[in-house]
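Worksheet: one structure, shown below.
The values are calculated or read from the model by the stated rules, or taken from the named source; none is laboratory data. Only a predicted model underlies this, so the values are computations on that prediction, with no experimental measurement involved. Cβ: placed from backbone, ideal geometry, glycine included. Neighbour counts: every protein chain shown. Ligands, DNA and RNA are excluded from the accessible area calculation, which covers all protein heavy atoms including side chains. Shrake-Rupley method; radii C 1.70, N 1.55, O 1.52, S 1.80 Å.
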Amino acid sequence: MRWRSFVAVGDSFTEGMDDPYPDGTYRGWADLVATRLAAEVGPDFRYANLAIRGRLFPDVVANQVPEAIAMKPDLISFAAGGNDVLRRSFDAHAFVARFDEVVGRLRGTGADVVLFRFADVMAHLPGQRLVVPRVTLLNQLAGEIADRHGAILIDLYADDTYHNPLLWSTDRLHLSPAGHRRVAGQVLTALGVGCDEDWLLVPEHPAPSPWLAARAADLRWAGQHLAPWIKRRLTGRSSGDTVTAKRPALGPVGD
């Protein structure tokens, strides 16, 4: 096993929403991967997770990336941009150049780097006409940049299993515990490390809801999740404004 340390960088996807521990903090795919790698390496394995929900790409690059590089890990995961494509201010040209430069910096440290093509979350969210082309660009870039820099690409978009709503939380934006387990299994498979077979099991797809029940669920979702998101956008706030990284320093997985 060549990885004795792992640093995860990004936003809510990597922080682990919505896969809660009993104390209310989040676990998520990165913690699961770290736990499995630690079981392979032993007590000397070290893990940090710098990801914070709501973070935009420039903030991740300006703050988390330098911290990750300073830790000199063997393995770095980088997943950012998902929040940016939801903003009207998204600048595709600037994003393209910055994404490539950042991955080049991470790979230049000698670390292996994990990148992602994001799953098709927009299939059950509004705003598809605006956002889908941006997500397509982000996913295309991830593949091209992974090839150019020799990064490890996890292609969630190509996995139709993520069309199953049971892999998503009630907010329809973040993964459920089952979704995080599946991502962890796919990352470990790409790393050539075995995982619990249950992590890759797919829940049975639920039967379609009757039209009226589905519309009622849409209304509840809009009130509980969409309206607060719009309010934060209008007031310039973020869900992560008062949140700090859950594992800001390299340490044993059990800490």
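Could you look through the stretch 153-179, keep only residues that are more than 17 Å from A217 (Cα to Cα) and of a type in the set (V, I, T), and pick out the one that is most open to solvent (accessible area, probe 1.4 Å)? Top of the filtered list is T161. If you go through the stretch 58-75 and keep only what is buried (at least 24 other Cβ atoms within 10 Å of the Cβ) and either farther than 21 Å from A184 by Cβ or under 14 Å from the mean Cα position of the chain (by Cα) (or both), you end up with just V60.
Any residue that is modelled with pLDDT under 95, of a type in the set (D, E) and open to solvent by 60 Å² or more (accessible area, probe 1.4 Å) - is there at least one of those in the stretch 88-99? There is at least one residue in the stretch 88-99 that is modelled with pLDDT under 95, of a type in the set (D, E) and open to solvent by 60 Å² or more (accessible area, probe 1.4 Å). Across the stretch 191-205, not a single residue is classified as under 29 Å from V96 (Cα atoms), assigned to a loop (DSSP other than H, G, I, E, B), among the hydrophobic types (A, V, I, L, M, F, W, C) and open to solvent by 50 Å² or more (accessible area, probe 1.4 Å). When the stretch 100-112 is filtered for residues that are open to solvent by 10 Å² or more (accessible area, probe 1.4 Å) and either in contact with a His (Cβ under 7 Å, 6 or more places away or on another chain) or assigned to a loop (DSSP other than H, G, I, E, B) (or both), the ones remaining, listed by number, are G104, R107, T109, G110. Considering only the stretch 117-132, I want to know if a residue exists there that is part of a strand (DSSP E or B) and either of a type outside the set (F, W, Y) or at pLDDT below 95 (or both). Yes, the stretch 117-132 contains at least one residue that is part of a strand (DSSP E or B) and either of a type outside the set (F, W, Y) or at pLDDT below 95 (or both).
Within this structure, V61 passes the test of being more than 15 Å from T244 (Cβ to Cβ), in a helix (DSSP H, G or I), of a type outside the set (D, E) and modelled with pLDDT of 95 or more.
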